[in-house]
1. For region A:277-299, name all the residues that are surrounded by fewer than 22 Cβ atoms within 10 Å (Cβ to Cβ) and not β-branched (Val, Ile, Thr).
2. Mind listing just one residue for me: the one in region B:87-142 that is within 14 Å of chain A (Cβ to nearest Cβ), more than 24 Å from B:VAL202 (Cα to Cα) and not in a helix (DSSP H, G or I) and, of those, modelled with the lowest pLDDT?
3. On the given criteria, is B:THR161 in a helix (DSSP H, G or I), among the hydroxyl-bearing types (Ser, Thr, Tyr) and open to solvent by 10 Å² or more (accessible area, probe 1.4 Å)?
4. Taking the stated definitions as given, is B:PRO227 at negative phi and either open to solvent by less than 10 Å² (accessible area, probe 1.4 Å) or not in a helix (DSSP H, G or I) (or both)?
5. Search region A:238-266 for residues that are within 14 Å of another protein chain (Cβ to nearest Cβ) and pair each with any residue that is open to solvent by 90 Å² or more (accessible area, probe 1.4 Å) and assigned to a helix (DSSP H, G or I) when their beta-carbon atoms are under 8 Å apart and the residues are at least 6 apart or on different chains.
6. Just the residues that are β-branched (Val, Ile, Thr) and more than 15 Å from A:ILE113 (Cα to Cα), please, taken from region A:248-303.
7. Quick check on my filter: what residues within region A:277-294 are part of a helix (DSSP H, G or I), within 13 Å of A:PHE315 (Cβ to Cβ) and more than 8 Å from every other protein chain (Cβ to nearest Cβ)?
8. Which condition number does A:ILE213 fail, the rest of (1) open to solvent by 30 Å² or more (accessible area, probe 1.4 Å); (2) over 19 Å from the mean Cα position of the chain (by Cα); (3) at pLDDT 75 or above being met?
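The values are calculated or read from the model by the stated rules, or taken from the named source; none is laboratory data. Remember, predicted model here, so these are calculated numbers, not experimental data. Cβ placement follows ideal geometry from the backbone for every residue including glycine, while neighbour counts extend to all protein chains displayed. What goes into the accessible areas is simple: the full protein's heavy atoms, side chains included, and nothing from ligands, DNA or RNA. Shrake-Rupley method; radii C 1.70, N 1.55, O 1.52, S 1.80 Å.
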Amino acid sequence: MTTATEATERVGPTSKAARPHPIRDLVIKRSLIGILTLVLVSILIFAATQTLPGNAASAVLLNTATPQRLHALEVQLGLTRPAVEQYWTWLTGVLHGNFGKSLANGQPVSTLIGGRILNSLVLVVLAGAIGTLIGVGLGVLAAARRDSVFDHVLSVTSLGVTALPEFVVAVVLVIFFAAVVIHWFPAVSVFAPGTPPWSNPRELVLPVATLVIVVVPYVFRMMRASMIDALESDYVQMAQLKGVPKWRVLLFHALPNAIAPTIQVIGLTFLYLAGGVVVVEYLFNYPGLGQALVGAVSDRDIPQIQAIVLVLAAFYIAVNILTDVIALAVSPRRRLPRS
Amino acid sequence: MARRPEVIAVLGRAVRTPRGTAGLVIAGLVVLVAVIGPAVAPYSATEFVTAPFARASSVAWLGGDVLGRDVLSRTLDGGWQLLAMAAVATALGVVVGAVLGVMAAYYGGLWDSLIMRAVDVILAFPQLVFALLLVSILGPKIWLIVLAVAISHAPQVARVTRSAALDISERDFVKAMQILGIPGRRIIRRDVLPNLTSVLMVEIGLRLTYSMLVIAGLSFLGFGLQPPAASWGLMINENRVGLIANPWGVLMPAILIALFTIGVNTFTDAVARASLGVGGRATEPEPIALVAREVTG
């Protein structure tokens, strides 16, 4: 969400508003809708977890629930108050960075998930960046050698890999690189306490590699398709006839025009990663938000679930806005105001 | 119902392509294993047959799992519930999504804004995270997981259906019927929906793949069928500690899940290509764009 709000402030109403400015308009409009959506999301999260019949108190006590104990805990958690009042208390807390206390161990949720946000972000950004580079690179190569053996092998492989769940990819990687064939990387990510992920590079390799393998096919397929479109266009043929070297045609004539549709897919890739980290972090025991979410769902630690799901949804909404803005910024044609 | 032959025509054309045949055969094989598996399994899925992670032998053809149960029997028994859940979740999600999408497109105005705003809210959750949120309230109940996956599908389906239906609602024959005073519900049922068949067929295929991935993922995380029941996702998680001793406990379920999704994906791709030829509809996106749009699954 920070990206969105910062962006709004940067291009705020002080800039010259005489000419139509589609990018600024889009940023403002999408940010406002994004904030509204996030408010609705927070209501949904809160309603689903705290006010439904199977509420937090009975979730914590499970089989040990007696009417007296249930009531005592409900009072302690503030569940006897009206729902709107509970939501308001929760929301004002969240806006001050206070997500409540974990029901599992009594620690503030913000301290529990604070460091994990960074760990997950490193995983998502690394996997997204590497996956994008490989996907775009392979897409350009496959399009340049269209219908070659290389192209066919890549296309068939990508169709197959597209369908693989993350945990299958991860298990295969563990077989090859951590357990059976060669012991290069740890199958479980154990960080020394308090260290950032980049000081544990060996621990990062397999989780990042798993996510990269899952996202590359999407970027590759989109890049290949839009690159083929660009290569068939008149201006590329013109450049070829002029005798421009092939690599120049590829990189400077076709690529800039082919990248715009791919931006949307790259955005979707980051969106996918927000959910994909859950399984991958759990599998490699990587200390991120996803692993915490799985643990919190098992423990029915509702304040922690609320916080993590809200953070992931905020990330989702922010990426959506950012993707639209970047896609608009890189494609001059779409920048013209719609008549 | 006059348009029913179109569904069959598109499916028939898809099946006759090499891609379509391959996809259908692969997915069909997995369904066959899952459906007749429980009947032909040599042992019960919960019976202790051999030593934990025992190698393949004449007693247990694919060896033992983490507790010494027969990997082959558990594999044969662990698919049908997964497939049934995926199928119901898909059907429910596509029906609800299509109804919402058509309503938003046809009635427009307030309905459109309300439905699309609700769609945006659900779309702000990664599918797996949304399912986990619901599971955290009531525990890993089968109906709840199916419902959660269906609800998380509906918005995407609604978006696709809405944009396709908008196109049709603008056409002259629909306008003409509105002027003639034919009730909206009847126009939708008789004229708008049949024109959406190819869009919906592709949507069903894609959603089935994602249902399978999300439900198997939940099962892997321990929020699906509860032990000692056999389920492919759960088996992979249970048996991965014994990967070196007996890899079959992980490999078999992983291969079957992968084959099913690859098969359905390939067949859907063939259907998308086949439907492009039918009636030259402008509403049909390129197959590649369809696949690419769906990374969020």
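1. A:ASN285, A:PRO287, A:GLY295, A:SER298, A:ASP299
2. Among those residues, the one meeting the criterion is B:GLY139.
3. no
4. Yes, satisfied.
5. Here the result reads A:ALA258/A:ASP229; A:ALA260/A:ARG334, each pair linking region A:238-266 to a residue that is open to solvent by 90 Å² or more (accessible area, probe 1.4 Å) and assigned to a helix (DSSP H, G or I).
6. Step one: list which residues in region A:248-303 are β-branched (Val, Ile, Thr), which gives A:249, A:259, A:262-263, A:265-266, A:269, A:277-280, A:294, A:297, A:302.
Scanning region A:248-303 gives A:VAL249, A:ILE259, A:THR262, A:ILE263, A:VAL265, A:ILE266, A:THR269, A:VAL279, A:VAL280.
7. Once the filter is applied, which keeps residues that are part of a helix (DSSP H, G or I), within 13 Å of A:PHE315 (Cβ to Cβ) and more than 8 Å from every other protein chain (Cβ to nearest Cβ), region A:277-294 yields A:VAL277, A:LEU289, A:GLY290.
8. Every listed condition holds for A:ILE213 apart from (2).
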